[in-house]
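Q: Would you mind keeping the following structure in view while I ask a few things?
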Amino acid sequence: MSDYDDQNVFARILRGEIPSHTVFEDDGFVVIMDAMPQAPGHCLVIPKAPSRNLLDADDAVLAKAIALVKKVARAAKTAFAADGINIMQYNEPAAGQTVFHLHFHIIPRHADVPLKPHTGQMAPAAELAASAGKLKAALEAL
């Protein structure tokens, strides 16, 4: 755990230092909209427990995380009328990890529609808020 940086963007979001579009929160997790979505409805499941990634995460946190990922994925598929769902999780720079706090990407997918590239540009707040509302309603309906 010595490599965990408590100034990473997700740690700062969890402390309320950076705003986010929250879909769900409990004692152990927060679900937020990805600020740079690769598709409509792209969200993140973030454990509150500090860990750099899956490789150093507590097994009990991982067990709860995957159950929540499944639930959010089902809600996202419904909310965004998706044909499928990508679930992505990166570990270390060589694998594409850029934020060193464990998190899971849930991305609704539509047949023959490619993912948008990460451009470094944040989506408009109104778009993220609308997506958060749709996903929250679908999650509450499960």
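Q: For region 56-68, does any single residue satisfy the condition of being of a type in the set (A, V, I, L, M, F, W, C), open to solvent by less than 50 Å² (accessible area, probe 1.4 Å), in contact with a helix residue (DSSP H, G or I) (Cβ under 8 Å, 6 or more places away or on another chain) and part of a helix (DSSP H, G or I)?
A: Yes, because at least one residue in region 56-68 is of a type in the set (A, V, I, L, M, F, W, C), open to solvent by less than 50 Å² (accessible area, probe 1.4 Å), in contact with a helix residue (DSSP H, G or I) (Cβ under 8 Å, 6 or more places away or on another chain) and part of a helix (DSSP H, G or I).
Q: Residue by residue through region 7-27, note down the ones that are over 13 Å from K48 (Cα atoms) and either in contact with a strand residue (DSSP E or B) (Cβ under 6 Å, 6 or more places away or on another chain) or not in a loop (DSSP other than H, G, I, E, B) (or both).
A: S20, H21, T22, V23
Q: Another one. In this structure, does K70 turn out to be within 23 Å of K136 (Cβ to Cβ) and over 14 Å from the mean Cα position of the chain (by Cα)?
A: no
Q: How many residues are touching a His at 6+ places or on another chain (Cβ under 9 Å) and outside any loop (DSSP other than H, G, I, E, B) if we restrict to region 101-120?
A: Of the residues in that region, 4 qualify.
Q: What is the one condition in (1) under 20 Å from H118 (Cβ atoms); (2) small (G, A, S); (3) assigned to a loop (DSSP other than H, G, I, E, B) that S51 does not satisfy?
A: Against the list (1) under 20 Å from H118 (Cβ atoms); (2) small (G, A, S); (3) assigned to a loop (DSSP other than H, G, I, E, B), S51 comes up short only on (1).
Q: Something else: If you go through region 20-34 one residue at a time, how many are hydrophobic (A, V, I, L, M, F, W, C) and either free of Cβ contacts under 8 Å to residues at least 12 places away in the same chain or more than 9 Å from I46 (Cα to Cα) (or both)?
A: Total meeting the criteria: 3.
Q: Separate question: Condition test on Y4, is it in contact (Cβ under 8 Å) with a residue 60 or more places away in the chain, over 18 Å from A137 (Cβ atoms), of a type in the set (F, W, Y) and assigned to a loop (DSSP other than H, G, I, E, B)?
A: yes
Q: So how many residues does region 69-113 have that are farther than 17 Å from P40 by Cβ, open to solvent by 80 Å² or more (accessible area, probe 1.4 Å) and touching a helix residue (DSSP H, G or I) at 6+ places or on another chain (Cβ under 8 Å)?
A: Number of matching residues: 1.
Q: Confirm whether A123 is in a loop (DSSP other than H, G, I, E, B) and surrounded by 15 or more Cβ atoms within 10 Å (Cβ to Cβ).
A: yes
Q: Further question: Determine, yes or no, whether P108 is of a type outside the set (S, T, N, Q) and closer than 22 Å to R12 by Cβ.
A: no
Q: Further question on the same structure: As an exercise: evaluate M88 against (1) more than 25 Å from A57 (Cβ to Cβ); (2) at pLDDT 95 or above and give the number of the one condition it does not meet.
A: Among (1) more than 25 Å from A57 (Cβ to Cβ); (2) at pLDDT 95 or above, the lone unmet condition for M88 is (1).
The values are calculated or read from the model by the stated rules, or taken from the named source; none is laboratory data. For clarity, every value in this text was computed on a predicted model and none was experimentally measured. In this analysis, Cβ positions are derived from the backbone assuming ideal geometry, glycine residues included, and neighbour counts consider all displayed protein chains. Each accessible area value is taken on the protein alone, full model and side chains, heavy atoms only, with ligands, DNA and RNA left out. Shrake-Rupley method; radii C 1.70, N 1.55, O 1.52, S 1.80 Å.
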